[in-house]
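S.K.: Please see the structure below; I have some questions.
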Amino acid sequence: MLSRLYDFMPGLNTLFHYERKWFTDDLRAALSVAAVALPVAIAYAQLTGVNAAVGLYSCILPMILYALFGSSKQLIVGPDAATCAVIAAVVTPLAAGDTVKHWQLVVTMTAMTGFWCLIASKFKLGVLADFLSKPILMGLLNGVAITIIVSQLSKVIGFTFDEKYLLERLAAVPTYLSQAHIPTLLMALFTLAAYFAMKRLKPTWPAAMFAIAFAAILVWLFNLKQFEINTIGTVTGGLPVFNTPIYDIGIIRELVVPALNLAIVSFVSMMLTARSFADKNGYDIDADKEFRALGIANFASALSQGFAVSGADSRTAVNDASGGKTQLVSIIAAAIIAIIALFLTAPLEFIPSAALGIVLIIASIHLLDLKAVWQLKRKDKHAFYLALATLLAVLFIGVIPGITLAVLLGLFQFIRTVMRPTDTVLGVDINGVVRSLDSTNKAKAVQGVFIYRFNSPLTYFNAGYFKRRLLEQYARQKDDTQCVIIDAVPCFTHLDLSVMAMLADLDVIFKKRNIRLEIAGRKRQLLSWFDVAGMTSGKEGIYVHSDLYVALQKNRVSQPSQEVSQFAAADNEGVEELAKI
């Protein structure tokens, strides 16, 4: 019973077997994580378009519940630049300037994101962690980073964008520069200077928190609001209060697909972070459990009137660098943030919007890595074009359409790989081991036998390509071919009647040329599939062998090559040993 509970809540296993010697490291890491999470949560609340307290609410319950249900010991969940940018892009036009409606739509979209994550976990869709390839995610995150940087220029310089889309905003920036609000700009420069000064003097301290604190103290001491420097305003502390939705229920339809996109992108991004730190610290994580934990964390955020969360790479890195050992780090950090959210929100009202804009720009610059995208051009041109297409899509058509395109690109990439995979012609080497025929000449073709391998599962949409490639490769062989052998292991993975019909066609084609068509591997499966498809095996149909070595042994020709002679000279025990290899 206890083992099942541990399986459902992996964090409990660690907490119930907690060692006292870990506490000092975990406490130090928790203080560091809380120090970094506080300013970031407030800044991301502003990016999302909600009250600063909402950012704090989005940290507390999600961090605690992920610590219990997640399988990563280092990962810290919380507000994330990409998720907040996505939510803002979806909700802002729907809210039409109504702040209460905006907040409620944010909470609704967060709950829907959690719902999609739980559905994915239920159906064991943790494999989606590999669905969006790294190049696509690189393009997406770079596009989101540029979008955030441009959007925060208005906070830093002191104007409001009239334009909706990124390119129009960029074109209008020179005009807006002439409208710069000098006190706001000076506050932004002060925050920037304070940030880099802290980074230089105390590299291990949370520079963002101190920079924002210094800016807020400056506003408070000298009453800088009189110079029209905008601050985040009154922050209502205490427990979150549920409000009855004031929007038309039909508007939820507009959130369904964006919430699905957000769930996928958040999960993939989270898994990249979780896996990297799990590998570094020598343990494994379960993708399906991570999907469930992310869903629970988002539901918890919605329940506490917060917004969507994901794996926070910067806070996770701080946790790891500070020596955090277990999930207790998240629980302690959440407790610290909860105390501030409940009792110490009054000082937050002096935080300048320009200071938060600087923090968001700095965070986005750390997210930006155009050099890595460009390096893909040299390493893998296909990957480069995928990353570039996703980046341009986010910049030209917006964050949500860009994410949708990224998901479709990932799907098309997978379909293309399955539909048009590589294939190989096989031979044997001097030791009689089956190998690919290539320029190294380590293997040579078996006289009279053509061996073909298709490196993808066969299904109805690539059966025609398989047939065409096999015939093309066969046409390049010598005229003495008496037998065609298909390696069944990589391609015959499931029953598909279209594939069976294609095999029957190939059998007819080769029989007209007095050539035997044989299949090696998955013998029991294939014979059962032949029965279902009404096909015959053996002399009257297609020969099926248990593996390639048995097929070769039974197809020894009267004048074998040197390699095949050596293979044929082996006794049955030798054949079995080769089969094991």
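S.K.: Quick one: count up the residues across the stretch 250-283 that are outside any helix (DSSP H, G or I) and touching a residue at least 12 places away in the same chain (Cβ under 8 Å).
M.R.: Of the residues in the stretch 250-283, 1 are outside any helix (DSSP H, G or I) and touching a residue at least 12 places away in the same chain (Cβ under 8 Å).
S.K.: Please enumerate the residues belonging to the stretch 310-325 that are in a loop (DSSP other than H, G, I, E, B) and among the hydrophobic types (A, V, I, L, M, F, W, C).
M.R.: Within the stretch 310-325, just Ala312 meets the criteria.
S.K.: Just a yes or no: is a residue in the stretch 188-196 surrounded by 15 or more Cβ atoms within 10 Å (Cβ to Cβ), polar (S, T, N, Q) and over 34 Å from the mean Cα position of the chain (by Cα)?
M.R.: Checked the stretch 188-196: no residue is surrounded by 15 or more Cβ atoms within 10 Å (Cβ to Cβ), polar (S, T, N, Q) and over 34 Å from the mean Cα position of the chain (by Cα).
S.K.: Moving on. Has the stretch 142-151 got at least one residue that is small (Gly, Ala, Ser), under 28 Å from Ala393 (Cα atoms) and without any contact (Cβ under 8 Å) to a residue 24 or more places away in the chain?
M.R.: Initially, the stretch 142-151 is screened for residues small (Gly, Ala, Ser), giving 143, 145, 151.
So of that shortlist, the ones also under 28 Å from Ala393 (Cα atoms) come out as 143, 145, 151.
Filter once more, keeping what is without any contact (Cβ under 8 Å) to a residue 24 or more places away in the chain: none.
Within the stretch 142-151, none of the residues are small (Gly, Ala, Ser), under 28 Å from Ala393 (Cα atoms) and without any contact (Cβ under 8 Å) to a residue 24 or more places away in the chain.
S.K.: Okay, next question. Looking at the stretch 373-386, which of its residues are modelled with pLDDT of 90 or more and either surrounded by 19 or more Cβ atoms within 10 Å (Cβ to Cβ) or among the small types (Gly, Ala, Ser) (or both)?
M.R.: Once the filter is applied, which keeps residues that are modelled with pLDDT of 90 or more and either surrounded by 19 or more Cβ atoms within 10 Å (Cβ to Cβ) or among the small types (Gly, Ala, Ser) (or both), the stretch 373-386 yields Val373, Leu376, Phe384.
S.K.: Here is a follow-up. Being under 25 Å from the mean Cα position of the chain (by Cα) and in a helix (DSSP H, G or I) is true for just one of Ala293, Ala341. Which residue is that?
M.R.: Result of the check over Ala293, Ala341: Ala293.
S.K.: Do the conditions hold for Lys164, that is, is it of a type outside the set (A, V, I, L, M, F, W, C) and not in a helix (DSSP H, G or I)?
M.R.: On the way: of a type outside the set (A, V, I, L, M, F, W, C): yes; not in a helix (DSSP H, G or I): yes.
The answer is yes for Lys164.
S.K.: Output the number of residues of the stretch 510-523 satisfying the condition of being touching a strand residue (DSSP E or B) at 6+ places or on another chain (Cβ under 9 Å) and either free of Cβ contacts under 8 Å to residues at least 24 places away in the same chain or of a type in the set (Lys, Arg) (or both).
M.R.: Number satisfying all stated conditions: 4.
S.K.: Still on this structure, I have one more. Within the stretch 300-320, can you find the residues that are over 13 Å from Ile76 (Cα atoms) and either more than 20 Å from the chain's Cα centre (by Cα) or not assigned by TED's automatic domain parsing to the domain that holds Val77 (or both)? Before you say what the answer is, go through the steps one by one.
M.R.: Start the filter on the stretch 300-320 by keeping residues that are over 13 Å from Ile76 (Cα atoms), which leaves 300-308.
Answer for the stretch 300-320, where residues must be over 13 Å from Ile76 (Cα atoms) and either more than 20 Å from the chain's Cα centre (by Cα) or not assigned by TED's automatic domain parsing to the domain that holds Val77 (or both): Ala300, Ser301, Ala302, Leu303, Ser304, Gln305, Gly306.
S.K.: Among the numbered criteria (1) surrounded by fewer than 23 Cβ atoms within 10 Å (Cβ to Cβ); (2) of a type in the set (A, V, I, L, M, F, W, C); (3) closer than 18 Å to Asp320 by Cα, which single criterion is violated by Leu61?
M.R.: (3)
S.K.: Scan the stretch 202-219 and tell me whether some residue there is under 30 Å from Val33 (Cβ atoms) and among the polar types (S, T, N, Q).
M.R.: yes
S.K.: While we're here: Among the residues of the stretch 83-109, which ones are of a type outside the set (Gly, Ala, Ser) and closer than 14 Å to Val265 by Cβ?
M.R.: Thr83, Cys84, Val86, Ile87, Val90, Met109 - these are the residues of the stretch 83-109 that are of a type outside the set (Gly, Ala, Ser) and closer than 14 Å to Val265 by Cβ.
The values are calculated or read from the model by the stated rules, or taken from the named source; none is laboratory data. Everything numeric here is computed off the predicted structure, so don't read it as measured data. So basically every Cβ, Gly included, is an ideal-geometry build from the backbone, and we count neighbours across all protein chains shown.
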